[in-house]
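See below for the structure under consideration.
The values are calculated or read from the model by the stated rules, or taken from the named source; none is laboratory data. Values in this document were obtained by computation on a predicted structure and should not be read as measured data. Here Cβ is always computed from backbone atoms with ideal geometry, including for glycine, and neighbour counts include all displayed protein chains. Protein only, heavy atoms only, side chains kept; ligands, DNA and RNA dropped before computing areas. Shrake-Rupley method; radii C 1.70, N 1.55, O 1.52, S 1.80 Å.
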Amino acid sequence: MARSSQQLFDTLDIVFLGTLGLGTIAWFARHQIADKLFKTGAKPEIKATDARTGPPKKERNFVKVMQQEGRRVIFFYGSQTGTAEDYASRLAKECSQKYGVSSMAADIELYDLSYLDQVPEDCLVFFVMATYGEGEPTDNAVDFWDLVSEETPQFSGNDSDEKPLNNLRYVAFGLGNKTYEHYNEVIRKVDTNLKNMGAKRIGERGEGDDDGSLEEDFLAWQEDMWPAFCEAMGVDENSAQSGPRQASFRVEELGEYDQDKVYHGELSEWLKEGARIVYDAKRPYNATITSRELFKGGDRHCLHMEIDISNTNLSYQTGDHIAIWPTNNEIEVERLATVLGLADKLDTIVHIKAIDAAASKQFPFPVPTTYRAIFRHYLDICAAVSRQTLMSLVEYAPTEKAKEDLKKLASDKDAYRIRVGDVTRNLAEVLEMLALEESMDPNGAFDTVPFDLIVESVSRLQPRYYSISSSSKEDPKKIAITAVTLDYIPDAASPRTVYGVNTNYLWRIHEAINAMEADVVVPKYSINGPRNVLMDVESKVARVPVHVRRSQFKLPRNPTVPIIMIGPGTGVAPFRGFVRERALQKKEGKPVGTTVLFFGCRNSQQDFLYEQEWPELFETLGGESRIITAFSRETDQKVYVQHRLMENGQEMWDLLKKGAYVYVCGDAKVMARDVNQTFVKFAQQFGELEEDKAQDFVKNLRNTGRYQEDVWS
């Protein structure tokens, strides 16, 4: 037996050394291999009739692409929800059209950033990077993040050089949310690491706060950035050729066309016959969904929905997020079509393609398609229109007064805030408002606006993310979410209601699959989907396009570790999954640590989420595990979860000293901050620490992963 084992190890040694040798060769030859793999030669134009074939593979050496296309500036974006991508595209457009410097926007995951050391000194690289969650890079920026985070990053040239990026000049702008501890962590680390490697930043690093001021932060940063850019590139505003606006997209109405080749809202291009299907953010899966109401009475709704991902490559872990791709409501589809003079052409087939061959996306969405599909499925027409978009429309205003009004909204921050930002007026609503103020018929009032400008200016409709409220160990192929329908009146002086895009879409699905009478107030949605693939009316089976996004919001690996969860309202969603998973582990005979949940809502008789589930779950867990509730509308003085947390301070402090993990989910502006401060008070009161030391104590919990948040504004 010993001899046999020795022979086996000898064989394994040979295999291992051989593999190691091949791996070493592959590492040093990686760029030559990549060039061979991704070299495409001439890139044939993809015609509308060739939409099923898909685009050719791209060259991954971005420096080579820039040289071939004659570009001096490249705008890389790391984007999770599409905003960073939108900003990069806007910057690239201004770079080319206002300053006359050839540029391109690029998805950072499509290129090999180890070629940063080859960027010519007369070129410039922009990094527009969003921070996701607790200081994490977006999904498409992970490879770049790993590269620049290495102790000794490996670039394409002399890897032994201590300052391998001496040649690189760059500009940096980050998108983050101040409600998170690690605000704009990604762009800050990227900036620091690039400078440490010898790169030179042009201008100041910009940081935008998604908690209300992102657009204004972005515009304010540009005021100083563009002068620094001009100095670095040796240009000014007079460098660009004068003349009319240069279109970014070519729009062609096709007339009669084979309907089998028209996209009516499909989110990804058709695959070649026989191709393997991989569902992800670029190709969502149309998953079957079931739904039930959680609230009892009242005029609010909260849905528990279960999404079936069986027989797909999709998987999830407890604590992850699921993305649901929404549809715009029919009122807003009709409103925008009407004001642009397209109401009678909604089903006209159009083909849209980028004029610039080096654009980050040749097609903004699957084409050929129709105006109706574009408004319903592809563009985010319900979002508040940006000041920059309004400025781009000024020259197309139908009257001098409309032109002046548009210019005022675009240039006057306060006027914009009062009439657009604070009340969430979308593009169509603003144009309709201006038309009515001049007693004009809104129908076709702005039919002079080129449609390519609409495609260029209005962001792509993005998925909405939900904390998963189920346990993957309990049911790995069924994902639950907990969603409150959103609607509000932003201006008390006006009866106008703003409706959440996705939650009201989900409500309409809920009505259909449960054979309910339709709510006459909620806007109508086309829940059948393109080619009726999302709804079987007879069987009442509905589907929604989904994909899964990984999260760092995870239970401790060791189930004996105590956990403290604070989740009022729908913030309880991930904790339902946590508690169910721990109860399952306890049933399996595993030791499980103390599990405490603080839950709050308005009224125990109306919005106590999962009220029927908790008793059995916590009885299974036993010991000191329990749910502690706060019902804010049942007492003279409102009581919230942070108050209940303080009432149980000594016990929570004792759990922390035993290594407990803290999890917070829900509102970031008030609740999450108050909870954080409550734990600081624990450290002061029970740990006898000075305030600065108490702050450090909680910060250390965060840094070691023992204090985690999944919060939103």
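Every residue, every condition in (1) of a type in the set (K, R); (2) in a loop (DSSP other than H, G, I, E, B); (3) buried (at least 20 other Cβ atoms within 10 Å of the Cβ), yes or no:
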residue: S551; (1), (2), (3): no, yes, yes
residue: P559; (1), (2), (3): no, yes, no
residue: P574; (1), (2), (3): no, no, yes
residue: L584; (1), (2), (3): no, no, no
residue: G589; (1), (2), (3): no, yes, no
residue: L597; (1), (2), (3): no, no, yes
residue: L609; (1), (2), (3): no, yes, yes
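Scanning segment 116-143 for residues that are open to solvent by 10 Å² or more (accessible area, probe 1.4 Å), over 23 Å from V711 (Cα atoms) and outside any loop (DSSP other than H, G, I, E, B) gives D117, Q118, D143.
Return the residues of segment 262-282 that are more than 25 Å from L453 (Cα to Cα), of a type outside the set (D, E) and surrounded by fewer than 15 Cβ atoms within 10 Å (Cβ to Cβ); say none if nothing qualifies. Quick ask: steps written out before the conclusion?
Here is the first cut: in segment 262-282, the residues more than 25 Å from L453 (Cα to Cα) are 270-281.
Now restrict to residues that are of a type outside the set (D, E): 270-272, 274-279, 281.
Listed by number, the residues that qualify are L271, K272, G274, A275, R276, I277, V278.
The set of residues in segment 229-259 that are part of a helix (DSSP H, G or I) and free of Cβ contacts under 8 Å to residues at least 40 places away in the same chain comprises E231, N238, Q259. Only one of the listed residues (D452, D447) is surrounded by fewer than 20 Cβ atoms within 10 Å (Cβ to Cβ), within 19 Å of I352 (Cβ to Cβ), in contact (Cβ under 8 Å) with a residue 24 or more places away in the chain and within 29 Å of the chain's Cα centre (by Cα). That residue is D452. Of all the listed residues (R508, R531), the sole one being out of contact with any strand residue (DSSP E or B) (no Cβ under 8 Å at 6 or more places or on another chain) and open to solvent by 80 Å² or more (accessible area, probe 1.4 Å) is R531.
Just the residues that are within 31 Å of the chain's Cα centre (by Cα) and touching a residue at least 40 places away in the same chain (Cβ under 8 Å), please, taken from segment 596-641. Don't jump to the end; show me each part of the working.
Our first condition is that a residue be within 31 Å of the chain's Cα centre (by Cα); within segment 596-641, this holds for 596-602, 607-610, 640-641.
Selection gives V596, F598, F599, G600, D607, L609, Y610, Y640, V641.
Applying the condition of being open to solvent by 10 Å² or more (accessible area, probe 1.4 Å) and assigned to a loop (DSSP other than H, G, I, E, B) to segment 471-486 and asking which residue is nearest to L340 (Cα to Cα) yields L486. Every condition in (1) in contact (Cβ under 8 Å) with a residue 60 or more places away in the chain; (2) outside any helix (DSSP H, G or I) holds for L219 except the one numbered (2). Look at (1) open to solvent by 10 Å² or more (accessible area, probe 1.4 Å); (2) in a strand (DSSP E or B); (3) not hydroxyl-bearing (S, T, Y) and you find that E619 fails only one, number (2).
Scanning segment 96-109 for residues that are open to solvent by less than 20 Å² (accessible area, probe 1.4 Å) and out of contact with any helix residue (DSSP H, G or I) (no Cβ under 8 Å at 6 or more places or on another chain) yields nothing. Being of a type in the set (D, E) and either over 30 Å from V521 (Cβ atoms) or in a strand (DSSP E or B) (or both) is a description that does not apply to D491. The criterion of at least 2 residues that are in contact with a helix residue (DSSP H, G or I) (Cβ under 8 Å, 6 or more places away or on another chain), in contact (Cβ under 8 Å) with a residue 40 or more places away in the chain and open to solvent by less than 10 Å² (accessible area, probe 1.4 Å) is met by the following strands (runs of 3 or more DSSP E) wholly inside segment 287-386: 302-308, 349-354. Among the residues of this structure, A660 counts as one that is under 26 Å from S551 (Cβ atoms), surrounded by 17 or more Cβ atoms within 10 Å (Cβ to Cβ) and of a type in the set (G, A, S).
Of the set (1) modelled with pLDDT under 95; (2) surrounded by 15 or more Cβ atoms within 10 Å (Cβ to Cβ); (3) more than 28 Å from G666 (Cα to Cα); (4) among the polar types (S, T, N, Q), all apply to S526 but (1).
Applying a threshold of 7 Å to beta carbon distances and a minimum spacing of six or more residues, or different chains, the list of pairs starting in segment 179-201 at a residue that is under 21 Å from P153 (Cβ atoms) and aliphatic (A, V, I, L, M) and ending at one that is open to solvent by 60 Å² or more (accessible area, probe 1.4 Å) and modelled with pLDDT under 95 reads M197/K163.
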